[in-house]
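Colleague: Just dropping this structure here.
What follows is calculated from the coordinates using simple rules that are stated; it is not laboratory data. Keep in mind that what you see is a predicted model, and the values were worked out from it rather than measured. Positions of Cβ are backbone-derived with ideal geometry, glycine not excepted, and every protein chain shown enters the neighbour counts.
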Amino acid sequence: MSRTNINFNNKRTELANKIWDIFIANGYENTTLAFIINKLGISKGALYHYFSSKEECADAAIENRVAFFSNEVLKESEEGLNSIERLKKILLAGIKITSVNEQVKEINSPSNKIFHQKLMVAIIKYFAPIYADIISQGNEEGVFKVKYPLETAEIILTLSHFYLDEDLFKWKKEDMSLKLTAFKETLIKILDADEDTFDFIK
């Protein structure tokens with residue numbers, strides 16, 4: 001890759017990270033390209049050099065943030081661990097990252113509905129190959145019996161990031177324990193794992 005391309009990508013990433021904060025604070029629906037340009041302090045031509053539309057701004061911002069999240073989670077998936085330990089670490093790391101993120105409430109606001117949907121899709125697409133690799137390892141170790149690792153990973157991620165979204169569904173706190181238990185039972189069945197495999201899920 002040429003130095004020009006590297007500089008372009010670095011600047012685009014820098015802008016996309018700032019645009020993420022703009023969408024989170026102002027709301028995707030409330031934000032126009034003119035507002036983004038004003039907040040970034042750049043010209044219209046400069047913005048269009050890196051992004052062709054508001055939607056492309058959002059997609060780039062989300063892609064950069066999810067890539068960061070996936071790298072943070074991958075740090076927990078150490079080499080040399082068995083598949084169950086890897087899956088445990090990656091599940092708990094994902095929960096920790098989202099639960100301590102101060103921007104969760106803003107992401108779940110009505111003005112960020114489209115942004116939130118885009119984010120969930122990106123999370124599933126980015127994380128599914130990581131989960132699929134762990135499931136394939138489990139198949140080799142004989143602890144899982146899964147015919148379609150990638151598709152199964154996508155289903156697990158859809159459940160964990162959509163169905164278990166407390167703010168999105170307005171689930172009551174007292175109902176979440178039961179829903180997590182149901183999620184655990186689903187994991188056992190979908191992976192054909194032993195009954196006590198996911199006892200760490202509380």
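Colleague: Multiplying the sequence separation of SER52 and ASN7 by 0.36 nm and subtracting their Cα-Cα distance, what value in nm do you get? Walk me through the numbers on the way to the answer.
Modeller: Numbers: separation 45, 0.36 × 45 = 16.20 nm, distance 1.83 nm.
Result for the pair: 14.4 nm of gain on full extension.
Colleague: May I pose another question? Would you calculate a helix-derived [θ] at 222 nm for the chain, using -39,500 (n - 2.57) for each DSSP H run of n ≥ 4 and dividing by the full residue count, to the nearest 500?
Modeller: On the way: 10 runs with 143 residues, N = 202.
It comes out at -23000 deg cm²/dmol, rounded to the nearest 500.
Colleague: Let me ask another. From the cross-link list LYS75/LYS118; LYS75/LYS170; LYS145/LYS184, which pairs have alpha carbons spaced over 21 Å apart?
Modeller: Numbers: LYS75/LYS118 24 Å; LYS75/LYS170 32 Å; LYS145/LYS184 16 Å.
Cα-Cα > 21 Å for LYS75/LYS118; LYS75/LYS170; rest within.
Colleague: In addition: Please turn the phi angles of the range 165-180 into ³J(HN,Hα) values with the Karplus equation 6.51 cos²θ - 1.76 cosθ + 1.60 (θ = phi - 60°), one per residue in order, whole Hz, x for glycine and proline.
Modeller: 6, 4, 6, 5, 8, 6, 5, 6, 3, 5, 8, 5, 4, 5, 5, 5
Colleague: Let me ask something else. Do any trypsin sites (Lys or Arg not before Pro) in the range 102-154 lie in a loop, going by DSSP, with at most 16 other beta-carbon atoms within 10 Å of their beta carbon, and if so which? Let's see the in-between values first.
Modeller: Details: sites: LYS105, LYS113, LYS118, LYS125, LYS145, LYS147; in loops: LYS145, LYS147.
Sites meeting the loop and neighbour criteria: LYS145, LYS147.
Colleague: Let me ask something else about it. For the chain, find the longest principal axis of its Cα atoms and tell me its angle to the long axis of helix 3-26, 0 to 90°, nearest 10.
Modeller: 80 degrees
Colleague: Would you grab the residues whose amide H sits under 5 Å from the one on ALA193? Only those 5+ places off in sequence or on another chain, please, with H modelled 1.01 Å from N.
Modeller: HN-HN under 5 Å from ALA193: empty list.
Colleague: Something else: Report Rg (one decimal) and Dmax (nearest whole number) for the chain, counting Cα atoms only, units Å.
Modeller: Spelled out, the Cα radius of gyration and Dmax of the chain are 19.2, 59 Å.
Colleague: Moving on. Once you place label points 7 Å from the Cα toward the Cβ at ASP167 and GLU29, how far apart are they in nm?
Modeller: 1.6 nm
Colleague: A follow-up question, please. Could you work out the relative contact order of the chain? I mean the mean sequence separation of Cα pairs under 8 Å and 6+ apart, divided by the number of residues, in percent. Display every interim value, and only then the final one.
Modeller: On the way: 178 pairs, mean separation 36.8, N = 202.
In percent, rounded to a whole number, it is 18.
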